[in-house]
Amino acid sequence: MTAVSERQQLQYIAGQAADARVNVELETEGMTLNIGPQHPATHGTLRIIVRLDGEQVVSADPVMGYMHRGYEKLVEVRTYPQINTLVNRIDWLSSFCNEVPFILGAEQLMEVEAPPRAQWIRTVLFELGRISNIGLFLGEMGLQLGALTAAFYAFRDREFVLNQIEAVTGGRFHPNFDRIGGLKDDLPKGWIAETKRVMDRIREYCDEMDELLVGNEIFEARTRGIGVIPAEVGLSYGLSGANIRASGVDWDIRRDDTRNPLPYRELDWKVWTHPDGDSFARYWVRLQEVREATKIVDQLLDGIPSGPIMAKVPRIIKVPEGEAYVATENPLGEMGYYIVSKGDLGPFRVKIRTASFNNVSILPWVLRGVYVPDVITILGTLYFILGDIDR
Amino acid sequence: MSILGIHLAYWQQTVLRTIGVLLAVLLPAGTFVYVFLFKMVSFMQSRLGPMEAGPYGSMQLLAEVGKFIQKEDIVPETADRRLFKLAPYLIVASVLLVYFVVPFGPDAYFANLDVGIFFALAVSSISVIGILIAGWASANKYSLLGGLRAAGQLIAYELPLVLAVVGVVIQAGTLNLQGIVAVQANGSIFGWSGIGNPFILTQFVGLFIFLVAAQAELTQTPFDMPIAESELVAGYITEYSGMRFLLFFIAEFASAGAFAALASTLFLGGWYFPGLDLTANYMNVVGPLILLAKIMIIGGLIFFVRFTFPRFREDQLQRFAWTILIPLSLANIFVTAVLKVVF
């Protein structure tokens, strides 16, 4: 860990030196480059104002808010079932995962517990969302580094997962399937066997990515030692999810939150960490995360209990007065809703804690002194989704 | 010179040869785009590629060209208009000039220069100037970064490219491309002259270096930093549209064809195929086809690599050129020279 922070210090000094050098020696001028709001690597509308000396970054300043849709305000004038539709749009690559913490929070306030079958199916869909999201990242990372083919493989195999989600919920991207007290519907016939086949396919896809990218010397040269985030720095910036696990912090809400009603602790799976904290580590940890997710889904499908999928809830949902914060381990990291209720049809105030916002806020620190191509690598492996930053 | 018994005046020959060069540039470029960019890559990426225009999408190319011709020719307001408009022509011209010296048969050539390969390598580097101009004149920071990257890269990889060819030249004893083809056809391997001596057998190190350096010269992945679309949007072609973009596009694939033609002439025996008559008249027809087949093999390799690997970083690319490729090619020259003296 010490070697890592030394390197970061050196980068910082290099950045300072570059700052001083601009306009002094040779009377060169620094260049301000706007990466975004329209730039292919930001996959959305993030803008990063980068000050360059040659191709070296002197300072980087992310500007967020180009996609701000005001969800925290909008939910104040909606009822709980309506909000469910809205939060789908936060992290659009794994929409179902956005619903779960909100519904869990509302259930906690109402002191309702969904029946076990609903909890298990919720978890299956949650993990399918994780696979479709991070599975896409695994291929897209290749695209950021110039390997076009990997991205197409990712889209090819994500299709199977989306089909499974569609078969249950009727929506490929925005399922809107979770309900306070359970789920909208049960699983369709033959779905379990089909999903198991898809999980085999995803495991094959992971092996493919392992060979195509992780085992590639150029990929290693581009990611090893790039964008190193030491654990303490990452924690101080509030990183979560695979980003912090790649820095060696063994923390996963699915396992560590004992109040979480989702049945993760009954399953046999592993939280992967990596000691390096560089871009390669972040990619590798996510690759393992997808593999673990397929294992989790397989075990869940084997053990889904029978019973109802909906608890007894009143027809018109009124949440009693109180406050609750529920977070889950979403594909991008910790996602939580702090719900303040005054006993109305809708919440009084909801604070949405999304992972990408914090993951991006480390950019000024981590981008100092790196080269322009590495900016893209770091942006890619920090893995943010614009809807998740700006909600 | 006479064709089919009809004597042609000098100006008639000139017109014919100009048309010939245009064909020689556009045909391989078009074939490359269709076979590799549209179809091979699609199959690699588990998709079909264009299927609608013509049988199996074979007319897609015409559709694309038609589309580009219709598009508006936009020049950015702050751009240096004259240079901005000049750049694509410079790049296309450099490609045309490379084809100028590639022989397609015993009499089917545009120019039989004694310094053929030297000329080809010299004119191929004119494109650097075009790229720099395009990057600078676009008045776009991404274009400027792309143009500068391209200049640094093309100059660095010019060296291994030339040094790789030196091995062939030493072995052949001539700079003339016809001469190099003849030496390969008439050569023998340990006294056995069944297939001649294509230099891929003795100069495989040279071929490797040549292909790597050509990949960098063509700015194809893993060396495509000048146009890296995830970093620099499209580098020096960001601001171009319509016909000028099409010219860049043609130049990119035509120069892929040019380097493939050079590689197959230098290392795979050019237009000659073992068992055929080197001087017979029918080779003027068969030769181009043989050369095209060899070009397709090399082109397939180039595009296979392009769509498989991630890209290097600029400093890693320079380090690769100066610490690996150039020492390797110098060693290759040394070994070739020693063996040339010994045998």
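The values are calculated or read from the model by the stated rules, or taken from the named source; none is laboratory data. All of these numbers come straight from a predicted model, not from anything done at the bench. All Cβ positions, even for glycine, are placed from backbone atoms using ideal geometry, and neighbour counts span all protein chains on display.
Quick test of your reading of the structure: B:P222 fulfils all but one of (1) at pLDDT below 80; (2) at the interface with chain A (Cβ under 9 Å from one of its Cβ atoms). Name the failing condition by number.
That leaves (1) as the condition not met.
Take segment A:158-190 and flag every residue that is out of contact with any Leu (no Cβ under 9 Å at 6 or more places or on another chain) and either of a type in the set (D, E) or at pLDDT 90 or above (or both).
To start, the set of residues in segment A:158-190 that are out of contact with any Leu (no Cβ under 9 Å at 6 or more places or on another chain) comprises A:159-160, A:163, A:166, A:170-171, A:174, A:176, A:179-182, A:184-190.
Those that are out of contact with any Leu (no Cβ under 9 Å at 6 or more places or on another chain) and either of a type in the set (D, E) or at pLDDT 90 or above (or both): A:E159, A:F160, A:N163, A:E166, A:D185, A:D186.
Identify, by number, the condition in (1) acidic (D, E); (2) out of contact with any Gly (no Cβ under 9 Å at 6 or more places or on another chain); (3) closer than 30 Å to A:P320 by Cα that A:D91 doesn't meet.
It is condition (2) that A:D91 fails.
Each row is one residue, and each column tells you yes or no for (1) over 20 Å from A:V87 (Cα atoms); (2) touching an Asp or Glu at 6+ places or on another chain (Cβ under 6 Å); (3) more than 14 Å from chain B (Cβ to nearest Cβ).
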residue: A:A281; (1), (2), (3): yes, no, yes
residue: A:I296; (1), (2), (3): yes, yes, yes
residue: A:Q299; (1), (2), (3): yes, no, yes
residue: A:K318; (1), (2), (3): no, no, yes
residue: A:V326; (1), (2), (3): no, no, yes
residue: A:Y338; (1), (2), (3): no, no, yes
residue: A:N358; (1), (2), (3): no, no, yes
residue: A:I385; (1), (2), (3): no, yes, yes
residue: A:I389; (1), (2), (3): no, no, yes
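Given the condition modelled with pLDDT of 85 or more and crowded, with 24+ Cβ neighbours inside 10 Å, answer yes or no: does some residue in segment B:269-285 qualify?
The first filter runs over segment B:269-285 and keeps only residues modelled with pLDDT of 85 or more, leaving none.
Checked against the condition, which is being modelled with pLDDT of 85 or more and crowded, with 24+ Cβ neighbours inside 10 Å, segment B:269-285 yields no hits at all.
Please go through segment B:287-343 and pick out each residue that is among the β-branched types (V, I, T) and within 14 Å of chain A (Cβ to nearest Cβ). Full working, then the answer.
Our first condition is that a residue be among the β-branched types (V, I, T); within segment B:287-343, this holds for B:290, B:295, B:297-298, B:302, B:305, B:308, B:323-324, B:326, B:333, B:335-336, B:338, B:341-342.
Those that are among the β-branched types (V, I, T) and within 14 Å of chain A (Cβ to nearest Cβ): B:V305, B:T308, B:T323, B:I324.
Report, by residue number, each residue of segment A:47-88 that is at negative phi, in a loop (DSSP other than H, G, I, E, B) and within 14 Å of another protein chain (Cβ to nearest Cβ). Explain how you work it out, then say what you get.
Taking segment A:47-88 as the starting set, the residues that turn out to be at negative phi are A:47-53, A:55-64, A:66-69, A:71-88.
Subsequent filtering for residues that are in a loop (DSSP other than H, G, I, E, B) retains A:55, A:64, A:66-69, A:78-79, A:88.
Within segment A:47-88, just A:E55 meets the criteria.
What are the residues in segment A:117-164 that are within 13 Å of chain B (Cβ to nearest Cβ), within 16 Å of the chain's Cα centre (by Cα) and acidic (D, E), if any?
Across segment A:117-164, the qualifying residue is only A:E140.
Taking B:V212, is it at pLDDT 80 or above and surrounded by fewer than 24 Cβ atoms within 10 Å (Cβ to Cβ)? Please lay out each step first, then the result.
Numbers: at pLDDT 80 or above: yes; surrounded by fewer than 24 Cβ atoms within 10 Å (Cβ to Cβ): yes.
Yes: the conditions hold for B:V212.
Of all residues in segment B:39-60, how many are within 14 Å of chain A (Cβ to nearest Cβ) and within 19 Å of B:R306 (Cβ to Cβ)?
The initial filter retains those residues of segment B:39-60 that are within 14 Å of chain A (Cβ to nearest Cβ), namely B:40-49.
In the following step, the residues that additionally are within 19 Å of B:R306 (Cβ to Cβ) were identified as B:40-47, B:49.
Within segment B:39-60, residues that are within 14 Å of chain A (Cβ to nearest Cβ) and within 19 Å of B:R306 (Cβ to Cβ) number 9.
Only residues that are modelled with pLDDT of 85 or more and among the hydroxyl-bearing types (S, T, Y): list them for segment B:303-335, please.
The answer is B:T323, B:S329.
Hey, can you tell me all the residues within segment B:131-141 that are assigned to a helix (DSSP H, G or I), surrounded by fewer than 24 Cβ atoms within 10 Å (Cβ to Cβ) and of a type outside the set (D, E, K, R)? Give the derivation first.
Of all residues in segment B:131-141, those assigned to a helix (DSSP H, G or I) come to B:131-137, B:141.
Narrowing the set further to residues that are surrounded by fewer than 24 Cβ atoms within 10 Å (Cβ to Cβ) leaves B:132-133, B:136, B:141.
If the condition is that a residue be assigned to a helix (DSSP H, G or I), surrounded by fewer than 24 Cβ atoms within 10 Å (Cβ to Cβ) and of a type outside the set (D, E, K, R), then B:L132, B:I133, B:W136 are the ones that fit.
Filter segment A:142-167 for residues that are over 23 Å from A:R254 (Cβ atoms) and among the aliphatic types (A, V, I, L, M); which is surrounded by the fewest Cβ atoms within 10 Å (Cβ to Cβ)?
This residue is A:A167.
So for segment A:219-228 (the condition being farther than 19 Å from A:V100 by Cα, at pLDDT below 90, away from chain B (no Cβ under 14 Å) and buried (at least 17 other Cβ atoms within 10 Å of the Cβ)), does at least one residue qualify?
Here is the first cut: in segment A:219-228, the ones farther than 19 Å from A:V100 by Cα are A:219-228.
Add one more test, that the residue is at pLDDT below 90, and what stays is A:219-228.
Subsequent filtering for residues that are away from chain B (no Cβ under 14 Å) retains A:228.
Checking which are buried (at least 17 other Cβ atoms within 10 Å of the Cβ) leaves us with A:228.
Yes: one or more hits.
Scanning for something under 29 Å from B:L177 (Cα atoms), within 14 Å of another protein chain (Cβ to nearest Cβ) and more than 14 Å from the chain's Cα centre (by Cα), does segment B:246-261 turn up at least one residue? Explain how you work it out, then say what you get.
Taking segment B:246-261 first, the residues under 29 Å from B:L177 (Cα atoms) are B:247-261.
Within this subset, residues satisfying the condition of being within 14 Å of another protein chain (Cβ to nearest Cβ) are none.
Checking segment B:246-261: not a single residue is under 29 Å from B:L177 (Cα atoms), within 14 Å of another protein chain (Cβ to nearest Cβ) and more than 14 Å from the chain's Cα centre (by Cα).
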